[in-house]
Each structure stands twice: as structure tokens, then as C-alpha cells.
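Contents: one structure, followed by commentary.
The values are calculated or read from the model by the stated rules, or taken from the named source; none is laboratory data. Not measured: the values here are computed from a predicted model. Every residue, glycine as well, gets a Cβ built from its backbone with ideal geometry; the counts of neighbours run over all protein chains shown. What goes into the accessible areas is simple: the full protein's heavy atoms, side chains included, and nothing from ligands, DNA or RNA. Shrake-Rupley method; radii C 1.70, N 1.55, O 1.52, S 1.80 Å.
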Amino acid sequence: MSAGQLQQQIAPGSRVTLHFRLALPDGTEAVSTFGEQPATVIIGDGDLTEGLEMAIYGMRAGDRQTLTLNRQQAFGDRDEARIQMVPRHRFPADMTLSKGLVIAFESDTGEEIAGTINDDTDEQGILVDFNHPLAGQDVVFTVEILAVSSV
């Protein structure tokens, strides 16, 4: 790591390599890259929510912090309109659909979005929750910055 990387602060447009952990306040871990391959994101590209980006602005390679983000800062409030009935024929016939199963769907714009199967399923339709799984919850965000560079 060069001295230049140590001095560069995270700002809009920075390429950042980092380890992160998202957990609930009770310690339940949702996701973590610690002990695995680090993530590389470009600030402002939509890879992270605005709240997660704001939490790391100004940090430099070598910095580490843990902070609690309220639900608005993390993934927002749950939106009941994002729970939708999806026709059964949109799923493979041999797919076992169970509550909590997360499936990738393609939006009308071609973007991949995750949906979680709700417990109300029948032969005609499947209730799918398109809210982020952490929506509506405070999140403990631990981050370690490994490298910062300009795009």
C-alpha cells in the first residue's frame, strides 16, 4: 500500500476496498466480508446505500469503525406496497417455495432485485416481499477500509 493510498480520504467517486459487517443491535449478523474476500465499491454508484456511504466519508485506508445506523440511515422503512402477489407461473414448476427463501427477480428495467417468499402461498400466487431484508431495522455497521483510490 502506497503512502498516497494512506492519505486519500473517501469522497464521492472514490473506489474503496473494504471489509464490512451488518448486524442487528442484538448481535445477529446479517452479512460480513471479514475473513472472506473484501468488497470493492465506488462511492455514489449505488453499491452501498446513501447512509452506509455517509458513514464512511472521510475515512482512509487502515481506518476501522463500528456505528449504529437508524433504519432511515440504513435501509429505510418497510414499505407494505413492496409486498406483492407474484403469479405461480413465474416460478419454475419444480421449485420448492418456502417462507424466507430469497429469490432473484428481474425488474421491468432489467435490474436484478431480491424478493423474499412470504408465508402466504397457494397454487395461483406467491406473496413476495421486495423490501430489503434489513428494512425497518436499526443496523450495526462495522467497516475496515483497506484501500482508497480515485476512479
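Computed quantities for the displayed model
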quantity: All positions within segment 68-94 that are surrounded by 12 or more Cβ atoms within 10 Å (Cβ to Cβ) and among the hydrophobic types (A, V, I, L, M, F, W, C); calculated: Leu69, Ala74, Phe75, Ile83, Met85, Val86, Phe91
quantity: Residue satisfying all of: in segment 33-50; touching a strand residue (DSSP E or B) at 6+ places or on another chain (Cβ under 7 Å) and touching a residue at least 24 places away in the same chain (Cβ under 8 Å); surrounded by the fewest Cβ atoms within 10 Å (Cβ to Cβ) among these; calculated: Phe34
quantity: Some residue of segment 121-143 being farther than 24 Å from Thr40 by Cα, of a type in the set (D, E, K, R) and open to solvent by 90 Å² or more (accessible area, probe 1.4 Å); calculated: yes
quantity: Test: residue in segment 101-118 that is within 20 Å of the chain's Cα centre (by Cα), loosely packed, with under 15 Cβ neighbours inside 10 Å, modelled with pLDDT of 85 or more and of a type in the set (S, T, N, Q); calculated: yes
quantity: Unmet requirement for Gly76, which otherwise passes all of (1) on the phi > 0 side of the Ramachandran plot; (2) in contact with a helix residue (DSSP H, G or I) (Cβ under 7 Å, 6 or more places away or on another chain); calculated: (2)
quantity: Pair list, Cβ < 8 Å and 6+ apart or interchain, from segment 3-14 residues that are more than 15 Å from Val41 (Cα to Cα) and at pLDDT below 95 to residues that are among the hydroxyl-bearing types (Ser, Thr, Tyr) and surrounded by 11 or more Cβ atoms within 10 Å (Cβ to Cβ); calculated: Gln5/Ser149; Gln8/Ser14; Gln8/Ser149
quantity: Selection count, segment 121-144, where residues are assigned to a strand (DSSP E or B) and within 23 Å of the chain's Cα centre (by Cα); calculated: 9
quantity: Verdict on Arg60 being over 19 Å from the mean Cα position of the chain (by Cα) and modelled with pLDDT of 95 or more; calculated: yes
quantity: Test: residue in segment 86-100 that is under 16 Å from Thr17 (Cβ atoms) and charged (D, E, K, R); calculated: no
